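Taking it in order: structure first as structure tokens, then the write-up.
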């Protein structure tokens with residue numbers, strides 16, 4: 001048997017050489033458990049003559065990953081083998097990789113197919129020495145096996161199907177895309193990214209420095225109008241945004257209800273369902289996503305006469321011509337509806353064509369207009385508000401949607417009050433911007449890993465370092481507004497007028513564990529508030545400093561912030577004494593801010609996976625995780641719990657098997673002390689009211705909104721109602737986005 005080397009030479013297969021190759025990557029591992037020769041033996045048994053060294057390394061890394069049940073160091077070794085393999089297959093000079101991507105030609109047509117834009121190619125070549133020398137390739141080995149394979153499969157740039165980029169190249173590419181000629185700032189951003197303090201969404205990593213640098217992932221779209229031209233124009237806009245991998249929230253409140261007369265044709269309207277069915281079908285034909293996932297959430301106010309048909313759109317039963325299952329759905333819910341459900345009162349269904357201006361009003365004005373239309377008999381039908389509510393909850397239980405977003409809270413607690421009525425949120429409810437037929441809201445986002453600011457030895461949290469990092473992220477996101485590719489002129493108009501950005505966090509549960517705070521503890525709740533207070537303070541301070549240099553954003557005048565009204569003022573809440581808010585308010589009063597909105601708490605699994613943290617602000621769903629290798633799934637205990645068990649001398653194969661058999665729970669394992677049981681309690685094992693209480697506590701420092709996941713086991717319908725009303729009464733802008741029941745996700 002022979003192996004085909006990377007340079008094309010054939011050499012005999014040697015067991016000792018394979019073992020030696022693996023041994024070189026075993027530094028700092030526990031060699032009492034890790035056995036390179038065992039991996040080599042598995043590799044030899046699966047070989048065939050003519051196998052390449054690339055295939056050898058891939059096989060070795062998969063075998064190492066599959067042995068994780070013997071010791072967690074095998075996962076580390078698997079990642080090292082995979083990363084080392086990529087390093088051997090790619091150039092180690094960043095500027096040369098960019099040159100290859102710029103000068104690339106199609107292997108079929110031989111025509112130039114530059115992936116990198118000329119602007120960034122020239123910047124990188126002009127500053128090649130400085131950029132090349134700043135890259136630290138050893139940091140690639142900090143990625144886990146699963147994270148690295150995710151990057152390798154979906155995000156590292158390729159030439160004619162072959163990966164040419166390393167993770168560190170990708171991060172430097174993102175940094176240069178943001179800062180351009182400011183190489184020192186680019187290197188600063190690169191270091192923060194590669195040291196895993198923060199990360200951008202996949203859309204940013206994928207398109208940075210490319211010829212279509214569309215780095216934003218969230219868009220908010222309002223119908224162009226209730227007409228054939230308006231419907232088709234909005235469809236075209238949606239298609240363009242989906243083509244550029246955008247995730248869209250758009251509202252259809254203005255579309256006249258079924259059977260409403262159409263003066264121009266003499267016919268009647270077919271209502272929402274055929275229109276949304278057409279959108280559902282059309283978007284799939286233009287989406288560039290190779291994963292079968294939704295990209296659109298459709299928002300409707302619950303007084304619309306087509307509400308019942310709207311709620312059925314995602315159901316798995318019924319006539320297919322009445323279904324549009326590839327989109328998500330949400331209710332833009334006024335306080336009046338929630339109050340009538342609470343009071344067990346009557347609810348009137350109306351047509352927006354026959355009852356105009358309801359979508360343009362909120363709060364008391366909406367209530368007065370709605371009740372006037374009721375008195376005038378303009379409604380199509382009257383029903384018990386609770387009957388509609390029960391249908392909403394039942395549909396949410398069955399399909400995961402509709403999401404519930406509170407129209408009045410979103411409008412009363414936004415810095416966009418001076419622009420007009422906000423009519424919808426984003427795909428996952430965390431982005432709350434003003435949009436109109438002339439403006440498509442667009443938001444660049446980033447996620448900060450808050451566990452990075454914990455000193456686990458001293459059990460202290462470095463708020464000053466967090467603030468410093470937030471300010472860097474704020475500056476970066478503001479710069480991205482200038483360098484983004486805008487798919488439509490309406491997106492550029494909105495971004496340049498309002499300059500909204502969205503900063504969130506990940507790893508809150510990891511930070512609690514490092515601080516030794518159980519998720520439900522008072523200490524955890526206090527830290528939760530202080531983290532988001534720091535986030536908001538740092539972002540405002542940075543935005544004000546940018547405004548000193550460049551001036552406030554265009555639509556700043558008459559905004560709540562311009563009148564000294566910050567987010568916590570809108571909540572009628574007080575900050576802690578952690579930061580000097582009075583001084584910052586005076587500074588803002590004098591200079592303004594550069595960005596209309598700053599904080600949005602997203603729940604992005606990709607960004608959390610990138611930095612090896614728990615998603616968003618959630619508790620752990622499970623204390624086990626899954627590794628994919630050799631076409632199989634291998635479950636193993638999460639590293640933080642594993643380290644604690646090893647330190648206490650509690651780790652053995654029996655404990656491992658018990659945790660796995662208990663689906664990641666440690667609550668019924670007698671050998672594990674109560675201290676760890678409290679610390680590693682999963683989302684399924686704690687009252688969901690805890691999640692909402694913490695969300696409400698940080699709400700005064702989130703000027704957009706939050707994407708919340710909820711986990712329930714028993715009596716879901718009754719609990720769902722309780723949760724939604726608790727969120728509404730607490731003043732939150734949205735309640736449940738992703739609903740998970742009995743261990744499964746209702747998304």
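Residue 367 passes every criterion in (1) in contact (Cβ under 8 Å) with a residue 60 or more places away in the chain; (2) out of contact with any strand residue (DSSP E or B) (no Cβ under 9 Å at 6 or more places or on another chain); (3) under 15 Å from residue 340 (Cβ atoms) apart from (1).
One line per residue, one yes/no per condition, for (1) out of contact with any helix residue (DSSP H, G or I) (no Cβ under 7 Å at 6 or more places or on another chain); (2) part of a helix (DSSP H, G or I):
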position: 178; (1), (2): no, yes
position: 185; (1), (2): no, yes
position: 191; (1), (2): yes, yes
position: 215; (1), (2): no, no
position: 221; (1), (2): no, no
position: 226; (1), (2): yes, no
position: 231; (1), (2): no, yes
position: 241; (1), (2): yes, yes
position: 258; (1), (2): yes, no
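Would you call residue 56 more than 20 Å from residue 139 (Cα to Cα), modelled with pLDDT of 90 or more and over 34 Å from the mean Cα position of the chain (by Cα)? In short, yes. Would you check if residue 702 is in contact with a helix residue (DSSP H, G or I) (Cβ under 8 Å, 6 or more places away or on another chain) and surrounded by 14 or more Cβ atoms within 10 Å (Cβ to Cβ)? Considered against the rule, which asks whether it is in contact with a helix residue (DSSP H, G or I) (Cβ under 8 Å, 6 or more places away or on another chain) and surrounded by 14 or more Cβ atoms within 10 Å (Cβ to Cβ), residue 702 comes out as yes. Among the numbered conditions (1) out of contact with any helix residue (DSSP H, G or I) (no Cβ under 7 Å at 6 or more places or on another chain); (2) crowded, with 17+ Cβ neighbours inside 10 Å; (3) under 30 Å from residue 155 (Cα atoms); (4) modelled with pLDDT under 95, the only one that residue 279 does not meet is (1). Set side by side, the residues 671, 730 differ, and just one is out of contact with any strand residue (DSSP E or B) (no Cβ under 9 Å at 6 or more places or on another chain), within 30 Å of residue 565 (Cα to Cα) and surrounded by fewer than 17 Cβ atoms within 10 Å (Cβ to Cβ), which is 730.
Listed residues 59, 77; which is assigned by TED's automatic domain parsing to the domain that holds residue 11, under 30 Å from residue 655 (Cα atoms), buried (at least 17 other Cβ atoms within 10 Å of the Cβ) and free of Cβ contacts under 8 Å to residues at least 24 places away in the same chain? None of the others qualify; the one that does is 59. Note on region 315-333: residues that are buried (at least 23 other Cβ atoms within 10 Å of the Cβ) and either without any contact (Cβ under 8 Å) to a residue 40 or more places away in the chain or farther than 25 Å from residue 434 by Cβ (or both) total 1. For region 383-393, the condition holds for no residue, the condition being that it is more than 25 Å from the chain's Cα centre (by Cα), farther than 15 Å from residue 302 by Cβ and modelled with pLDDT of 95 or more.
The values are calculated or read from the model by the stated rules, or taken from the named source; none is laboratory data. Since this is a predicted model, take the numbers as computed values, not measurements. Using ideal geometry, Cβ is built from the backbone for each residue, glycine included, and neighbour counts are taken over all protein chains shown.
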